[in-house]
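The values are calculated or read from the model by the stated rules, or taken from the named source; none is laboratory data. All of these numbers come straight from a predicted model, not from anything done at the bench. Positions of Cβ are generated from backbone atoms using ideal geometry, with glycine treated the same way; all protein chains shown enter the neighbour counts. Note: accessible area is taken over every heavy atom of the protein model, side chains too, but ligands, DNA and RNA are not part of it. Shrake-Rupley method; radii C 1.70, N 1.55, O 1.52, S 1.80 Å.
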Amino acid sequence: MSIANELADKQRDIAVSEFFERNKHILGFDNTTRALITSVKEGVDNALDACEEGNVLPDIRVEIHEGDDDEYTLVIEDNGPGVVKRQVPKVFGRLLYGSQFHRIRQSRGQQGIGISAVVMYGQLTSGQPATICTRVGPDHPAYELDLRLDTKENEPEVVDEEIVDWDKDSGTRLEITMEARYVRGAQSVYEYLRTTSIVNPHAELTLVEPDGTTTKFPRSSEQLPPETVEIKPHPLGIELGQLQEMAKNTEARKITSFLQNDFCRVGLQTARKICDKAGIGEDRKPSYLKTDDCKALMSAFEEVRIVSPPTDCLSPIGETLIRRGLRTEFEDADLVATETRSAEVYGGHPFQIEAAIVHNSDKLPDDEQVEILRHANRVPLLYQRGGCVSTKAIEDIDWRRYDLDQRGGQGIPHGSCAILVHVASTNVPFTSESKDAVADIPEIRKEIELAVRECAREMRSQIRKGKKMKRLRQKEDIIRKIVPAMAEKSAQILDKDVPDYEKAIARIMNAVMVTPTIEYEQGVGHDITIEVRNYTSHGKRMQVMAELPAEGDVEDPEPDAGYRGNMIVWDEDKIDTGEAREFSYRVRGLAEADIQNVDIFLDGIDATLIAGAEAWEGSEIEETAPEPQEIDDGDEVTQEVQV
Amino acid sequence: MSTNGARLEDADRETLEALYELAHKIYDDLEDGDVPELNLPVRSKSNIEFDEEHGVWKYGDSQSTRSAKKTDGAKMLLRTTYMIDFIREMLETDKSSTLREMYYISEGWDLAKFSDQSESDKLAEDLEVITEYLREDFQLRPEEDGARILGDVTVEEETRTGDTRVINCQDDVGDAGYSVPYSVEEDKLRFVDIDADFILAIETGGMFDRLVENGFDESHNALLLHLKGQPARSTRRLLKRLNEEYGLPTFVFTDADPWSYRIYASVAYGAIKTAHISEYLATPAAQYLGVTPSDIVNYDLPTDDLSEQDERALNSELSDPRFDDDQWRGEIEFQLELGKKSEQQALAKYGLDFVTDTYLPEKLSEMGVI
């Protein structure tokens, strides 16, 4: 059985055809610009889902062709598993039909209003049917179907059907003509694909704009996101209608077994307590439950203590991949700070927050508001920025503490940054059906704030370290010119030999300067060299340590080094005044963007004398490797103190 | 390279030796592997003290260190070596330059060049302060600044070409008066004959011209001196010589605002910038004639409101040790209360002759001169 056939089994239908016509404003089709973006969004989400379910790295092409009279033709083509022919009318031609709706898992679409709405919009505005070409495998033919919808009955109608020649082994191509307007800017198809590419680093997206401009958003990871795990509903996360539906369709014959089998985190004891609180006999047949009984169950759920739903069903993007995505999109960024929080729960739904900050002083203007890239389950949110919990959490932070400009200590800060927030959940609480903004849930807001602050702290610490180093470099540069000139001139006046001024320069600089360089070569890895120069008045004995990446293989330390926890450690003899020494190693097996800087620590040197590294203050390094996360935290604290 | 001892006069050699001390200090610091640094007195109002002997205000004992530890300090030390070398060259070749010329010459000093003339002027002063020589000893002189004197005094001036000229500052000059040269020492300027009862030093050109037009010099047998704002060293030196060598009572006539009081202070007490040579420049016997804040009220003069800067300046004067006496304190506090200031020329409210016929005679008789 092909994957498409498997998927077909999960696809069930719901009849709500007319819903669309009345509600197209809340579904994201309220104006022609927006309608085009929504169409691309639904099509691309669909394509990404299909590819991931089919276990292929997505290769998605979006073309927009301009026709007459404000009509555009949108073409979206993927390399996914395709759709079996008999399912095509249902998948593309019937509202609220999808594999997602009845499953509780982290997924892009969630409510499944999906692609059929786009087909309907096209039909309503252009009068033309949608054309779908699909192929489920190399041994199968490619079908091309022209599809219409009966908007009253929610019934699809195949107008035309033929077998065609297609160079793809499998995949789906959708072609819809619609009334639309194509724009560039903050809310545009371009922007949607750009940000989609950041949070889906495993996808390659290609956009062909009406004027023929072709933009490729390249893939920066060969790794498909792990498949998300489906969980049963948690009693605290469902609504009355859903409960009734579940009770009607359950295979359980007793209410206790219904609660135990069809919900997560409900054992026999808990099920009994629920029945007791609700005043409903444990042996009653679930399908006989009346509305009042269901209401009583709903309130019993609130009163009985039920363990939170499992959180391991979520699949965050991960800091490494976010960094890769951002590095690919924001070339030459000064730094990318990332944070993936551990999963939490709100009202019976697990969720997990990730955040990142990109800083690029060359390319991003420092006198404009920072860009906020909001995402929910890997889908970019372009509209209703002000109403979104991410924006609110960011506005509440006093960014002046993190060296960004913020008038009055409130609102969106100004600076050469972009902030990314990703909310992953089995049930993202959107503010409306159009899924533009995440609702202001206290638990979610708090997690976003913590994640963003963590990134901000890292950014500040990196930038300050960089600035201190830059100042020192400038000083070094100028002192290296002034002092020799002074020596020469005073010697000339006094008719003496030019004195040796190197020691004086070291005294003036009065710092141990640490300079890491990272060189990457494809197929070889990262070569990291740390130069330590003793610009102080005395010889110094010190231990040099560098934090190693969580992944990758470390090779060829030069000179020989030892390892402690996640650190590479060099025991070093004295470095004399004015002398420099180099320490190097190679890391294999990581992508270029994975190592952007190296945290270096010096042990044995006064913190005030160190530039470009931190003083080692932790004695908490243990010979047996502790949890890497804990070490991270410890280091952060050290940095805080240094700043 | 080294000093050409044979060609140097003793005085010049001594000056150079003092400057070489500084070069030695920098050289030795470098050779010892120390951070080069020089000490000099703190040159601000926090470090001026009254010198009982001379009756003027001079720098106190507070020292500051100019160190190469900071980039700016390192730059100043480099400039110091360049300036010493430049002075050495002038002394050896018997040339002199104006301060402005030195500033332009520093354009060729690479890293040591100055970003504006006030910096090079100040470093020249620093060298005076440290070595206790005058910038004239360094062959550095200021530009003519255009201060002038008018009255019955006959001077003998040595001109640039080496001639001597005898000039009566009343009969031999036009209405603009005799221009005060940049040096008023014996070798340049000698007083042949003086027939005046007192000196009136005037802040503004407009008031000076009014007194000249009204013939105040003749009617009251006065020497009129135009200070031209904050007076140059030679103007102050001239005033001091006339006051101390010829016993002429000296009065300072300015606007009634904080900046004018500072002009008086630098004439009478010594300027903060040149406190190292106050005993040579200041005229402790000079009296402030007006316009005083009390005059504003007594004569009902037209006024302007004090600006914020004016108020700040007045308050700063309250903490300036030079103004720390009852009379000044009283006047300054009164003016702050009043919130007003007046110009000298506000006296024209009562007609062009009022200042010469009424105001000055009244003030001078109050002060016991006429």
Residues in the range A:196-205: is at least one in a strand (DSSP E or B), under 29 Å from the mean Cα position of the chain (by Cα), crowded, with 16+ Cβ neighbours inside 10 Å and modelled with pLDDT of 95 or more? yes
Evaluate the range A:511-524: report whether one residue or more is open to solvent by 10 Å² or more (accessible area, probe 1.4 Å), facing chain B (nearest Cβ under 9 Å) and modelled with pLDDT of 90 or more. no
Looking at the range A:490-510 only, could you name the residues that are of a type in the set (Val, Ile, Thr), facing chain B (nearest Cβ under 8 Å) and more than 60 Å from the chain's Cα centre (by Cα)? A:ILE493
List, please: which pairs have Cβ atoms under 6 Å, are six or more places apart or on different chains, and start with a residue in the range B:238-267 that is in the same structural domain as B:TYR178 (by TED's automatic domain parsing) and closer than 23 Å to B:ASP304 by Cα and end with one that is in a loop (DSSP other than H, G, I, E, B) and open to solvent by less than 10 Å² (accessible area, probe 1.4 Å)? B:VAL252/B:ALA286; B:ALA256/B:VAL291; B:SER260/B:THR254; B:ILE263/B:THR254
Has the range A:281-301 got any residue that is within 23 Å of A:ARG453 (Cβ to Cβ) and crowded, with 19+ Cβ neighbours inside 10 Å? no
Determine if the range B:130-153 includes at least one residue that is part of a helix (DSSP H, G or I), β-branched (Val, Ile, Thr) and touching a residue at least 24 places away in the same chain (Cβ under 8 Å). yes
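This table checks each residue for (1) at pLDDT 90 or above; (2) of a type in the set (A, V, I, L, M); (3) open to solvent by 10 Å² or more (accessible area, probe 1.4 Å); (4) more than 29 Å from A:LEU48 (Cα to Cα).
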position: A:ALA337; (1), (2), (3), (4): yes, yes, no, no
position: A:ARG341; (1), (2), (3), (4): yes, no, yes, no
position: A:ILE353; (1), (2), (3), (4): yes, yes, no, no
position: A:ILE372; (1), (2), (3), (4): yes, yes, yes, no
position: A:ALA376; (1), (2), (3), (4): yes, yes, no, no
position: A:ASP398; (1), (2), (3), (4): yes, no, yes, yes
position: A:ARG401; (1), (2), (3), (4): yes, no, yes, yes
position: A:GLY408; (1), (2), (3), (4): no, no, yes, yes
position: A:ILE412; (1), (2), (3), (4): yes, yes, yes, yes
Out of (1) buried (at least 23 other Cβ atoms within 10 Å of the Cβ); (2) at positive phi, the odd one out for A:ASP332 is which? (1)
Could you check, for the range A:346-353, whether at least one of its residues is of a type in the set (A, V, I, L, M) and over 30 Å from A:GLY43 (Cβ atoms)? no
Count, please, the residues in the range A:286-322 that happen to be in a helix (DSSP H, G or I), at pLDDT 90 or above and touching a strand residue (DSSP E or B) at 6+ places or on another chain (Cβ under 9 Å). 1
If B:ILE296 satisfies every condition in (1) loosely packed, with under 14 Cβ neighbours inside 10 Å; (2) modelled with pLDDT of 95 or more but one, which is the exception? (1)
Among A:THR311, A:THR338, A:THR391, which is the only one that is farther than 20 Å from A:ALA456 by Cα and of a type in the set (Val, Ile, Thr)? A:THR311
The listed residue being more than 30 Å from A:ALA593 (Cα to Cα), surrounded by fewer than 21 Cβ atoms within 10 Å (Cβ to Cβ) and away from every other protein chain (no Cβ under 12 Å), out of A:SER432, A:SER416: A:SER432
Determine whether B:ASN315 is under 24 Å from the mean Cα position of the chain (by Cα) and surrounded by fewer than 19 Cβ atoms within 10 Å (Cβ to Cβ). yes
What residue, among those in the range A:444-460 that are surrounded by fewer than 22 Cβ atoms within 10 Å (Cβ to Cβ) and touching a helix residue (DSSP H, G or I) at 6+ places or on another chain (Cβ under 6 Å), is farthest from the other protein chains (Cβ to nearest Cβ)? A:ARG445
Single residue of the range A:45-66 satisfying the filter (in a loop (DSSP other than H, G, I, E, B) and open to solvent by 40 Å² or more (accessible area, probe 1.4 Å)) that is farthest from A:VAL183 (Cα to Cα): A:ASN55
State the number of residues belonging to the range A:525-537 that are surrounded by fewer than 20 Cβ atoms within 10 Å (Cβ to Cβ) and within 14 Å of chain B (Cβ to nearest Cβ). 1
Hits in the range A:553-579 (condition: touching a Lys or Arg at 6+ places or on another chain (Cβ under 6 Å) and either without any contact (Cβ under 8 Å) to a residue 40 or more places away in the chain or more than 23 Å from A:ASP606 (Cα to Cα) (or both)): A:ASP553, A:GLU555, A:ASP556, A:LYS574
Inspect all residues belonging to the range B:52-60 and state whether any of them is more than 9 Å from every other protein chain (Cβ to nearest Cβ), at positive phi and not aliphatic (A, V, I, L, M). yes
Looking at A:GLU42, A:GLU71, which one is in contact (Cβ under 8 Å) with a residue 60 or more places away in the chain and surrounded by fewer than 19 Cβ atoms within 10 Å (Cβ to Cβ)? A:GLU71
Of the conditions (1) touching a Ser or Thr at 6+ places or on another chain (Cβ under 7 Å); (2) farther than 18 Å from B:ILE26 by Cα; (3) not hydrophobic (A, V, I, L, M, F, W, C), B:THR81 satisfies every one except a single condition; which number is it? (2)
Apart from one, (1) touching a Ser or Thr at 6+ places or on another chain (Cβ under 7 Å); (2) crowded, with 19+ Cβ neighbours inside 10 Å; (3) farther than 30 Å from A:TYR190 by Cα all hold for A:GLY237; the odd one out is (1)
Which residue is nearest to the other protein chains (Cβ to nearest Cβ), if the candidates are limited to the range B:35-46 and must be more than 12 Å from B:ILE130 (Cβ to Cβ) and touching an Asp or Glu at 6+ places or on another chain (Cβ under 8 Å)? B:VAL35
Counting just the residues of the range A:461-487 that are more than 9 Å from every other protein chain (Cβ to nearest Cβ) and under 20 Å from B:ASP110 (Cα atoms), which one comes out surrounded by the fewest Cβ atoms within 10 Å (Cβ to Cβ)? A:ASP477
